[in-house]
Ligand SMILES: [Zn+2]
């Protein structure tokens with residue numbers, strides 16, 4: 001790994017971790033507007049950026065970091081799924097091809113203008129409400145979650161003047177292989193689990209996966225826009241790949257073992273919802289359900305109850 005810079009470009013929004021020659025994880029610093037993890041991959045004659053954070057400001061730093069690390073401008077942006085925290089930084093890459101699945105592109109086109117509008121028009125209300133909730137919150141994990149959210153929202157709102165809908169320019173159905181002079185990178189989808197369409201990046205020789213939100217480590221994973229059974233099936237399929245390292249969408253860098261933990265998390269929340277319904281529990285009183293001890297220290301704890309609610313509303 002000596003061919004690359006000894007000191008990494010510094011950012012207030014993320015920290016860089018080298019994973020192999022030419023492969024870096026850009027791990028979000030919570031509450032700074034980056035809001036999700038990204039990656040920089042030098043495949044030899046091309047520089048790929050996997051996901052682009054939640055704000056143009058944090059994506060600016062990502063772009064600069066990619067250029068410093070690989071001695072070339074970013075040549076291709078990959079969007080894993082449509083969620084704003086992964087694609088809102090695309091706006092600074094309007095001169096670079098952006099690639100996603102066909103379904104993800106459709107969702108960005110549908111959802112992104114509405115979300116941008118919310119941040120443009122209701123910004124004071126959104127910040128005041130989140131701040132008030134945070135100040136009243138006694139639970140330390142929930143308070144932390146609200147504090148981070150307040151930071152993410154503030155940074156997104158600060159950037160609204162720069163917002164311009166930026167859509168992927170290249171779409172694919174199942175898989176696209178990017179053949180570089182130094183390595184091959186496979187951008188793959190096994191369908192939708194976390195959302196309607198989730199793509200991930202696999203480096204077969206290096207055995208590195210960038211899984212975006214299909215993988216959360218130390219954070220509750222949001223199933224509301226997805227399908228828990230499909231998500232489990234996707235992870236079981238991914239498990240068959242040779243894996244040394246996994247970059248999660250939220251949280252730390254993991255290994256193949258973390259896939260089992262993620263599958264267990266999804267099974268657990270589904271089982272809790274099934275048991276709650278079976279024993280006469282209703283949507284109105286789901287807040288009485290305790291987060292299992294194993295997950296009590298996880299970040300974004302409000303997602304846990306949102307997940308149970310969502311499963312019950314869908315009839316599980
Ligand atoms: Zn997501």
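Answer with yes or no whether residue 231 is over 26 Å from residue 152 (Cβ atoms) and surrounded by 19 or more Cβ atoms within 10 Å (Cβ to Cβ). Steps first, answer last, please.
On the way: over 26 Å from residue 152 (Cβ atoms): no; surrounded by 19 or more Cβ atoms within 10 Å (Cβ to Cβ): yes.
Against the criterion (over 26 Å from residue 152 (Cβ atoms) and surrounded by 19 or more Cβ atoms within 10 Å (Cβ to Cβ)), residue 231 does not qualify.
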Original post:
Do we have any residue at all in the stretch 269-291 that's under 29 Å from residue 25 (Cβ atoms), modelled with pLDDT of 95 or more and under 21 Å from the mean Cα position of the chain (by Cα)?
Top reply: yes
Original post:
Of all residues in the stretch 150-182, how many are out of contact with any helix residue (DSSP H, G or I) (no Cβ under 8 Å at 6 or more places or on another chain) and closer than 27 Å to residue 239 by Cα?
Top reply: 8
Original post:
Which of (1) surrounded by fewer than 17 Cβ atoms within 10 Å (Cβ to Cβ); (2) part of a helix (DSSP H, G or I) is the odd one out, the single condition residue 283 does not satisfy?
Top reply: (2)
Original post:
Within the stretch 45-64, can you find the residues that are over 15 Å from residue 180 (Cα atoms) and crowded, with 24+ Cβ neighbours inside 10 Å?
Top reply: 50, 51, 52, 53, 54, 55, 56, 58, 59, 62
**OP:** Please work out if residue 59 is within 16 Å of the ligand (Cβ to nearest atom), more than 27 Å from residue 243 (Cα to Cα) and either assigned to a loop (DSSP other than H, G, I, E, B) or in contact (Cβ under 8 Å) with a residue 12 or more places away in the chain (or both).
**Re:** no
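If you check residue 36 against the conditions, is it modelled with pLDDT of 95 or more, crowded, with 24+ Cβ neighbours inside 10 Å, within 16 Å of the ligand (Cβ to nearest atom) and not in a strand (DSSP E or B)? Give the steps one after another, and end with the answer.
Values: modelled with pLDDT of 95 or more: yes; crowded, with 24+ Cβ neighbours inside 10 Å: yes; within 16 Å of the ligand (Cβ to nearest atom): yes; not in a strand (DSSP E or B): yes.
So residue 36 passes the test.
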**OP:** Could you give me the residue pairs with C-beta distances under 7 Å whose first residue belongs to the stretch 77-93 and is farther than 13 Å from residue 159 by Cβ, whose second residue is near the ligand (Cβ under 10 Å from one of its atoms) and in a helix (DSSP H, G or I) wherever it lies, and which are 6+ apart or on separate chains?
**Re:** 79/86; 79/87; 80/86
Original post:
Do the conditions hold for residue 196, that is, is it surrounded by fewer than 19 Cβ atoms within 10 Å (Cβ to Cβ) and within 14 Å of the ligand (Cβ to nearest atom)?
Top reply: yes
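Within 16 Å of the ligand (Cβ to nearest atom) and out of contact with any helix residue (DSSP H, G or I) (no Cβ under 9 Å at 6 or more places or on another chain): is that true of residue 81 in this structure? Can you show your working first?
Values: within 16 Å of the ligand (Cβ to nearest atom): yes; out of contact with any helix residue (DSSP H, G or I) (no Cβ under 9 Å at 6 or more places or on another chain): no.
No, not satisfied.
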Original post:
Filter the stretch 206-234 for residues that are in contact with a helix residue (DSSP H, G or I) (Cβ under 7 Å, 6 or more places away or on another chain) and within 15 Å of residue 308 (Cβ to Cβ); which is nearest to the ligand (Cβ to nearest atom)?
Top reply: 222
Subject >> Condition check for residue 254: crowded, with 16+ Cβ neighbours inside 10 Å and in contact with a helix residue (DSSP H, G or I) (Cβ under 7 Å, 6 or more places away or on another chain) >> reply: no
Original post:
Of all helices (runs of 4 or more DSSP H) completely enclosed by the stretch 84-177, which ones contain at least 1 residues that are under 20 Å from the mean Cα position of the chain (by Cα) and either buried (at least 20 other Cβ atoms within 10 Å of the Cβ) or at pLDDT 95 or above (or both)?
Top reply: 84-87, 102-121, 140-158
**OP:** Determine whether residue 185 is closer than 30 Å to residue 44 by Cα, loosely packed, with under 13 Cβ neighbours inside 10 Å and out of contact with any helix residue (DSSP H, G or I) (no Cβ under 9 Å at 6 or more places or on another chain).
**Re:** no
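The values are calculated or read from the model by the stated rules, or taken from the named source; none is laboratory data. Keep in mind it's a predicted model, so treat the numbers as computed, not measured. As a convention, Cβ positions derive from the backbone with ideal geometry for all residues, glycine included, and neighbour counts pool all protein chains shown.
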